[in-house]
Structure formats: C-alpha cells, structure tokens
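Reading through the structure tokens given below for one structure.
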Amino acid sequence: MKGAVIASIVLAAVTTWWTWWPSKSETAASAARTPALLTLDGRKVEPDDVVSLRVASWDADAKEPQVFEVARKGGVWVIPSKYDYPADGGSRVGATAGGVTNVPRGALVSGDAKQHAAFGVVDPLKDGAAESDGRGKRVTLKDKSGATVVDLVVGKAAEHPGLSYVREAGSDDVYTAKVDVDISTAFKDWVETDPLKILAADLRMLAIRDYSLNVEKQEIDERASTVFERKKDQTDWACAETPEGMEVDQDALGRLLGEAGAIRLVDVFPFSSPNLYEKFGFFRTEDNHVYGKEGVLTLGAKDGLVYHLYFGNVAVTDESGKEAKPKEESGANEKDGKEKTPLPKPASRYMAVFLSYDPDLDEAAPPKPPAGLTKPGAEPERAGEKRALKEQARFWKFFYVIGDETFRKLRPDAATLFKKLPDKAALPGEKVPAEVRLAKAHGLMYADLKIGAGDEAAAGDEVDVQYTGWLEKDGTKFDGSLDHGGKPFTFTIGEGGVIKGWDLGVPGMKTGGKRKLVIPANLGYGAQGSPPKIPAGASLVFDVELVAVRKKAPAPPPAEEKKLPEAEKPAAPEAKPADEEKTPEAKAPEGKTPEETTPEAKTEAKTPVETPAGPAKEEKQE
C-alpha cells in the first residue's frame, strides 16, 4: 500500500514538472516576442530623429535625484534649464545618446523587482530614499514627435567585462548589455571647456588691473595696471613695468594663458536683468563702463579682438551647477557690528565677458592713412570691428560661473608673473668668468665659457657634445654624458631630437668651445617635467662642450642646371649700411651668439610657441 502511495506521488510530481516546463515551440515564441534592441518596441532609432536627451542620477547626500536635460532647437543642442545655453553637442551629447541607442539586448538575469537594488537598477526618479544604495542612472531619449524611443536604467558593471546591468523603465526584467557611456548630470560636463575660443599663440597683450571700487560713490580708484606684450615675431613676453633685478616668468604666463584657453564653466545666468549686475558683483558707471568687484583680466589677440574678463562676487554652488546664490562675504555685520558666520570655502565665482576692438593689435588691418588725407567718417570699416560685434553678441547673453580654482589662476597677483634674474655666480657647474655676462636670446640665457677655434655649428649640422645638466632651483645634477661611459652625445640641430633649448642654444658654438645654457621649462621638459629626475616646470642649467661638427651636405643642383659663365653671374648684392644690420641682443667675447647663427634669424625661421604643458611646439614665423 505504501509503495502504491509513493508511486502515485512520484508520478504526480513528474506530471507537474512536465506541465510547468515550456515546450520548444513556446520557448521560441517567447524569444520572438523579446525585441533584440533595448529601444521602444525593439525598433531601430535613427540618431537624427533624437531631439531630447534627459539623464537622471541619485544624490546620496541630498537624498534626491539630479536631473539634466538637453534639447535640439533649430539644429543646435541647448540646455533648456540653463536659459538655452549651448551644449557641447559634438561631444557629450553625441557620446551619451550614442552609448544608449540601439543597444543589443543581452542575457536575462532576473525578472524580480526585489533584486533591482542588488543590480543597481533602482530608478533614481522613484519616490523614497530607502533604496539609495541601489539607485542607477536613467537615460531617456525622445524623437521629433515627442515620443520616448529609449528609456533605460543603467546599473552596476556586470561580471563579464564591458557589460552592465540594465533594464527598461517600467519593466522588472534585468539584462546585461554593453552600455559604453559616462553618464553625468553636471553642467560643466555638458558645455565646451573653451568658451573664449582663443589660442595662446595668437595673444599679443595681457593686462592685469588692480583697482578699488567704491560702490556707493560709483568711483574707481586705479592703483596699478601691469601690461605684458608680445610682438608677432617674438616668442617671449615683455613688460615695461618689470621690477629691477627681475624678468618676466615665461612659464607662469604660459600657465595663465593655458587656463584662459580651457575655462571650465560651472553655471550660467541670463544677462537680461540690470538688477543682477550689483547682485553678482558688477557695476556700471555713468559713462557705461562695467567693472567687476574682483578686478579684470584683459587679453588682446593678433586679430585685434580684446577680451575683458570681469570677476564678481562669490557664487556658492556645487560642481553640478545645481544652485548658485550670491552670499555676502564674512565680516562685521553693519547693524550690530558682530562678526558674520564665515562662509565655506568659495566654490565658484561670477564672471562677465566683454569684447572690444583695438586696430593697433590687428596684424591684418590695413595701415592707417596719414592724418588729414581722409574725411571724418570716411575711414574704411575694419573687419575686426565686425568680428568684435559678432563675438560680443555671444557673450552679452550670460553671466558665467567659474570654479574657485579657475578664478585664482585667472586672477593672479601680478608679482607672481616675474622671477629673479639668474645669478651667474650661483649657477651650478663651471663658473662664468667675471668679464662675461649672461646674455638672452630666444627665451634662454647663455654665456660662452670658452670660445672654440674649429667649425661653427649651425642648423642642420650633426654635432657631438659633452654635457652636464643640473636643476637651476637647487643645483641638483640630473644627467651628464660622462655618466654614460664618457661617449659624446650626438644629435642633429633643429630636427627636434633634443629639447628646444638645445636646438636654440648650441648653434653659434665652435668646435672646442664651451657654453652654459639656462633653459626655462617651456624650452625644456615643460609643465609635466621628466620624472623622476626632472620635476614639473623645472628650469635647467647645462654646461655644453662642442666636440665635433659634421656639416650638412649641400643639396646637388638639378641635372639640367648649368653653371653660368663668370661674366654672366649676377652681381653680388650691395652691402647694407652698418646701421641697418641687425645687432644681436647680447654678444659674447670673440664668438657669435645664438641669435646670430640660429635659424630664427632667417626669413623662414621656426620659433617655439609657448604652451602651458609639455615641450614647446613649433610654428613658422609670419
């Protein structure tokens, strides 16, 4: 009897299992109903049809979602919540939309909503803060009709490399899929990092104005203005106000200009209301000039455009640009004299940008006619004036918010842009003779310790040198040819096989000669240095001895070219008067300076272009 009961139970179990297990036809039908793509109804989405993109993430600290949206209006991607400020449509928008569009659906890993937190696919827009740890990032795309075409919650990385857990909003099913995108809700990640659109190599003027502002009296007290200039045929900046015993720190200026060319915006506000001027720390005078509470940085470019960057009040905001409300600085309270509660470390600062045009900076502008030869109002309109008006139309729409670190880099103390001249007696290596002074050419300092008597090195020559190198800052030796078996080092001048300072500093030396070179970072290893021996932004000192010169072989004449008879040779050009000849900036005893011999003294010369990081690039002179 017991055996019959057991048999019936087993039979029932087998029957139940067979009834539950789907048939092959049912499995195939279910697979057919599951779209292959993680899009609405599994249909393919054309990128040009997408006109709206929304991303949402969860702020664990605030216990609330952060939402960011961009939309395409008139063919341009803008940020509706930021007064239609232009988005970086070619980068962030394209990468984000492309990363979630037409994504193939991977393996189904769960259909249980209770497991969403474990996979990190809890909707960040879901009410309640209990599931903060399991919140994912939600990306929603809409087409021209306003219909949703993609709506995914992206969760944690899956066990298989390159895959993530994802689910479609409104569905409990969790799949694996390759979603290759960095999803961000921070404003700074969705806008261009270079709003000014200027190149450091194109700048010819930089000015830092120091003034005090009396808001009540609407008066400006100009304390000082430090102006740096660079002519188009020069690589170094000069300043008429350079303090005695100092020189312009070319590397510090390079870092400043690099920051101006890569400004990171934190937020923007409309420039529509005059009431915001004073609220944000900007003031207009009766003659319609604008001043910023925290000063101004002026940059002049070679096309005549002059950018005025005015800095205003502190704007307390986070990096996402979620909130930016101006607050008073800490200090005494006007009513009771008690100290105000100190503010947290400033996170951002208001900035306004204005443009003007200076024809004296415009290298492409036609020359001005002599005074009296044109009637008032008859001067030809310069193209630069039109450019200034066009660019100003872009800037007058917004107040900008920049990070505190960016502000401090753009508004340095002018004194930090100068450095002490090298003391030749303190330089490491062989001492410079008392009768020989340090000269300067092409951005480096040099002194001939010994004048050679052999062949003279020039651009294109292959040379052998013995050398020793030190850090100028503390005299630490970092390299030397004698440390490598004493074999001379060989390189070809001007081919870029060595640091720029060598290509500029060795020409003019003669075989058997010795020269000391003081090379700034922009002509050496740049802002990144060469770890571990050469730190970032290091100035270097070299003692170089020229051992041998192998002259560049002259190019053979064309086969069809014939030598002219002696009588048919063209006459030699007339010698220029002595006063028309170029005088080098400094001349060492009995020898030629780098300025006389390097290719920079020729018409088709190449000069270094200062860059904020890395070895200097090269650019032909104009």
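The values are calculated or read from the model by the stated rules, or taken from the named source; none is laboratory data. Not measured: the values here are computed from a predicted model. Counting neighbours? That spans all protein chains shown, and the Cβs are built from the backbone with ideal geometry, glycine included. In case anyone asks, the SASA skips ligands and DNA or RNA and just uses the protein heavy atoms, side chains included. Shrake-Rupley method; radii C 1.70, N 1.55, O 1.52, S 1.80 Å.
A few points about this structure:
- Under-5 Å amide H pairs with Phe418, H placed in peptide plane, nonlocal only: Asp249
- In the full protein context, segment 159-271 carries 47 Å² of accessible surface per residue, based on a 1.4 Å probe and ignoring ligands, DNA and RNA.
- Under 5 Å, built H, 5+ apart or other chain: amide partners of Met246: Leu421
- Of all accessible heavy-atom area on segment 148-277, the percent that carbon and sulfur account for (1.4 Å): 46
- Whole-percent carbon and sulfur share, accessible surface of segment 418-546, 1.4 Å: 52
- The Kirkwood hydrodynamic radius of segment 127-227, based on inverse pair distances between different Cα atoms, is 19.5 Å.
- Amide H contacts of Ser348 (H built 1.01 Å from N, under 5 Å, at least 5 apart or other chain): Ala315, Thr317, Asp404
- Excluding ligands, DNA and RNA, the accessible surface per residue across segment 390-515 is 46 Å² with a 1.4 Å probe.
- Segment 178-251: C-alpha gyration tensor shape, a/c 1.5 cut-off, then a/b vs b/c: oblate
- Listed cross-link partners Lys197/Lys279; Lys390/Lys500; Lys409/Lys533; Lys73/Lys390; Lys386/Lys500; Lys114/Lys188 are compared with a 31 Å cut-off, the Cα-Cα value being larger for Lys390/Lys500; Lys386/Lys500; Lys114/Lys188.
- ³J(HN,Hα), Karplus 6.51/-1.76/1.60, whole Hz, each residue of segment 140-147, x for Gly, Pro: 10, 10, 10, 9, 4, 7, x, 7
- Rounded, prolate or oblate (a/c below 1.5 giving rounded, otherwise prolate when a/b exceeds b/c) for segment 444-489 by Cα gyration tensor: oblate
- For segment 171-221: rounded, prolate or oblate by the Cα gyration tensor [a/c cutoff 1.5]: oblate
- Ranked by the mean number of other Cβ atoms within 10 Å of their residues, highest first, the peptides 194-201, 508-515 fall in the order 508-515, 194-201.
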